[in-house]
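J.: Sharing a structure below in structure tokens format, with a few things to ask.
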Amino acid sequence: MQRTNYCGLITDDYLNQQVTVKGWVHRRRDLGGLIFFDLRDREGLLQVVAEPDSSCFSDANELKHEYVVEVTGTVRSRPNPNKDLKTGNIEVLASSIIILNTAIPTPILVDDESVSEMNRMAHRIIDLRGQKMRNNIMLRTKLSHEIRCFLNDEGFLDIETPFLTRSTPEGARDFLVPSRVHKGEFYALPQSPQLFKQLLMVAGFDKYYQIVRCFRDEDLRADRQPEFTQVDIETSFLSELEIREMAERLIRQAFKNVLNVELPEFPVMTYADAMYYYGSDKPDLRLENLKFVDLTAQLKNCGFKVFNDAANRADGRIVALKLPSSVTLSRKEIDELTKFVGIYGAKGLAYIKVNDVSKLNEEGLQSPVVKFLSAEDLKIIVNATNAQNGEIILFGADKAKVVNEAMGALRLKIGHEKGLAVGEWKPLWVVDFPMFEYDDEADRYVACHHPFTSPKDEHIDKLTTNPAECLAKAYDIVLNGWELGGGSIRIYRSDIQSKVFDALKISKKEAQNKFGFLLDNLQFGAPPHGGIAFGLDRIASMMCKAESIRDVIAFPKTTKGQCLLTSAPNEVDDKQLTDLGIARLPQN
């Protein structure tokens, strides 16, 4: 019989009507004279009652967890409503129960929160039946729909790009696919559709988008997967500001229509300011009151060797992070925080507890470092941080990179553990990223974004004179300390592209070999163009308040890149390798 509606959508509107529902037996209770069971499908639970004198009572007596059944019966009001259930006001008095399929006992129970993540991933099919995962996947579907609706309404065209393409290693490692026909040669799975979407602009499709799978062979963590989904957008003839305005409207509309959330203002912050005040290019503005105070210049001549050394090295930095008086730290907690910053390369964590700000000595300021600092040094610190009695000042002093990473992570840890976050959603734009960063191992500059990012117009000359100072027309959209997406205006002039390759020490021969199909076609009248890409998994996980993007992906990989459901990756037989011209590695 045809289903009347989903279990979770049977409401008071169906009172006294006969309905047919289908799903899985979630929970069964035998009260002697009556049998109750909850029937579950993707929309939720519905209570079913079988009475002793009904023809289906014996069938109800056969039911076990996860049996698949069809129930026909009459909807009636529940004597004792369940306020925690959206169908909690009603129940179905069964007149017919058909067992469509039986089920063996499951290795994990549906909605059992005590199950480890490894077990959940190994038995993902059962895990996906649970309310949490079901809601997450359905929210993700709604999010994808809203994004498509917005972009379709804006005149963007959904165009697919190849999964099997050539390797252009200039970022993360490529996943390689051997060719059977062309032995010894390989395709690469795309890290993003970057080159193809630029070619689509040259082809005249001035508004492109794609919700596309991307592949990167990189070390994994909670917000990374080897295969992930990107909302890829490219457009011609729009300025950086116009692209950002469009992207902001997309994110606003998605949050409004999916969560009914009106996002607040999106402030704009330069990359330089983000690093200066927060040590991160994706600052969490919910912790707006926790900012770095830079003391590098003021403490160049101080008596504390750790500070002095950091202040006087070319790449050094000293920052102070003042905690409000509501935050107290025991000696044990400070020791634990010292170990924490050590993860990021910091050699220690200096601190000062302000007991009496009027006494700039060991009597008023409690810390092992106070004895090494003069009264003038301590006055500089107190004045710069505006420290008050009862507050604690933490310090980072080392290479700027170490300080930024360690103190930035410390800021987040303390801020969230001590309840200092204010507001639920805090978005912002980060702009004016550096074009390049220096790779000591390679002894050359590498692109911070990718080698097709356009420099700011006023910095074009710096490509040849001082690449380190060259800023890019690049922009990231950040929410609650997570990068939701990023993009840039692309280079469309061959003379500027040549200067960028020169700065990266990419020869004409190497550039032609890696990117020739793009460079050749850029000469055929390429329009000014740019775009942005959003991480769909990240947006969905934020909306679901999930701890990991694995909780919004139906079939994710572990942090070791394994699929516990299918046991991938796995060995293949010798014939497959022979067909591909690949020799099996000898066993140790």
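J.: Determine the gain in length on full extension of the stretch residue 76-residue 27; use 0.36 nm per residue of separation and subtract their C-alpha separation, reporting nm with one decimal. Each step should come with its number before you reach the end.
T.: On the way: separation 49, 0.36 × 49 = 17.64 nm, distance 1.97 nm.
Length gained, residue 76 through residue 27: 15.7 nm.
J.: When the solvent-accessible surface of protein heavy atoms is calculated with a 1.4 angstrom probe, in what order do 123, 529 fall, highest first? Don't jump to the answer; show the numbers that get you there.
T.: On the way: 123 60, 529 0 Å².
Of 123, 529, the descending order of accessible area is 123, 529.
J.: Using a 1.4 Å probe on the protein heavy atoms only, what accessible surface does residue 241 show? Give it in Å² to the nearest 10.
T.: 120 Å²
J.: Okay, next question. Using a 1.4 Å probe on the protein heavy atoms only, what accessible surface does residue 550 show? Give it in Å² to the nearest 10.
T.: Its heavy atoms expose roughly 30 Å² to the probe.
J.: Could you point to the label whose value was computed as Cα Rg over 2.2 N^0.38 Å for the structure here, given [x] 1.02; [y] 1.20; [z] 0.96?
T.: [y]
J.: What part of the accessible area of the chain, given as a whole %, is carbon or sulfur when the probe is 1.4 angstrom? Please report the intermediate quantities before stating the final value.
T.: On the way: 14670 of 29360 Å².
Answer for the chain: carbon and sulfur cover 50 percent of the accessible area.
J.: Got a sec? Charge dipole of the chain, +1 on Cβ for Lys and Arg, -1 for Asp and Glu; which of 506, 5, 396 is way out at the positive end?
T.: Of the candidates, 396 comes out farthest on the positive side.
J.: Efficiency by 1/(1 + (r/R0)^6): what FRET value for residue 313 and residue 443, r their Cβ-Cβ distance, R0 = 25 Å, to the nearest 0.05?
T.: Values: r = 20 Å, r/R0 = 0.80.
Calculated transfer efficiency: 0.80.
J.: Further, regarding this structure: Treat every Asp and Glu Cβ in the range 1-121 as -1 and every Lys and Arg Cβ as +1, leave all other atoms uncharged, and give the resulting dipole magnitude about the Cα centre to the nearest 20 debye.
T.: Numbers: 13 positive and 18 negative charges, 23 e Å.
Computed charge dipole of the range 1-121: roughly 100 debye.
J.: Here is a follow-up. Could you give the length gained on full extension between residue 372 and residue 325, defined as 0.36 nm per residue of separation minus the Cα-Cα distance, in nm? Walk me through the intermediate numbers first.
T.: Numbers: separation 47, 0.36 × 47 = 16.92 nm, distance 2.47 nm.
Full extension of this stretch gives 14.5 nm more.
J.: Further question on the same structure: What does the extension gain come out to for residue 562 and residue 9, with contour length at 0.36 nm per residue minus their alpha carbon separation?
T.: Going from the current span to full extension adds 195.4 nm.
J.: Per residue of the range 224-241, in order, report the coupling 6.51 cos²θ - 1.76 cosθ + 1.60 (Karplus, θ = phi - 60°) as ³J(HN,Hα) in whole Hz, putting x for Gly and Pro.
T.: Once rounded to whole Hz, the list reads 10, 9, x, 10, 9, 10, 10, 8, 9, 9, 9, 8, 9, 6, 9, 7, 4, 5.
J.: Only helical DSSP H runs with n ≥ 4 go in: add -39500 (n - 2.57) per run for the chain, normalise by residue count and round the 222 nm mean residue ellipticity to 500 deg cm²/dmol.
T.: Numbers: 16 runs with 169 residues, N = 588.
Helix-only estimate at 222 nm: -8500 deg cm²/dmol.
J.: Sticking with this one: Given R₀ = 51 Å, FRET efficiency for residue 356-residue 245 by Cβ-Cβ distance, to 0.05?
T.: Values: r = 51 Å, r/R0 = 1.01.
So, using R0 = 51 Å, E works out to roughly 0.50.
J.: Still on this structure, I have one more. Given a 1.4 Å probe, how much area per residue of the chain is accessible, in Å²? All intermediate terms of the calculation are to be shown ahead of the outcome.
T.: Details: 29360 Å² over 588 residues.
With all protein chains present, the chain gives 50 Å² per residue.
J.: Kindly flag which residue pairs out of 132/332; 282/505; 401/505; 379/418; 86/560 have an alpha-carbon separation exceeding 31 Å in this structure. Intermediate values should be presented prior to the final figure.
T.: Details: 132/332 37 Å; 282/505 29 Å; 401/505 24 Å; 379/418 28 Å; 86/560 39 Å.
Those over the limit are 132/332; 86/560.
J.: Tell me, what HN-Hα J-couplings in whole Hz come from the Karplus equation 6.51 cos²θ - 1.76 cosθ + 1.60 at θ = phi - 60° for each residue of the range 370-381, using x for Gly and Pro?
T.: 4, 5, 8, 10, 6, 4, 5, 4, 5, 5, 4, 5
J.: With r defined as the distance between the Cβ atoms of residue 587 and residue 262 and R0 fixed at 60 Å, what FRET efficiency is calculated, to the nearest 0.05?
T.: Details: r = 60 Å, r/R0 = 1.00.
Efficiency computed from Cβ-Cβ geometry: 0.50.
J.: With every protein chain left in place, what is the accessible area of residue 294 in Å² (1.4 Å probe, nearest 10)?
T.: 30 Å²
J.: Follow-up question, since we're still on this one. What dipole magnitude, in Debye to the nearest 20, does the chain give about its Cα centre under +1 on Lys/Arg Cβ and -1 on Asp/Glu Cβ? Show your work: numbers first, answer last.
T.: Numbers: 74 positive and 84 negative charges, 117 e Å.
Dipole magnitude for the chain comes out near 560 debye.
The values are calculated or read from the model by the stated rules, or taken from the named source; none is laboratory data. In this text the structure is predicted, and so the values were computed from the model without any measurement. Because the Cβ atoms are built from the backbone with ideal geometry, glycine has one as well, and the counts that use them run over all protein chains shown. For accessibility, only protein heavy atoms count, side chains too; no ligands or nucleic acids. Shrake-Rupley method; radii C 1.70, N 1.55, O 1.52, S 1.80 Å.
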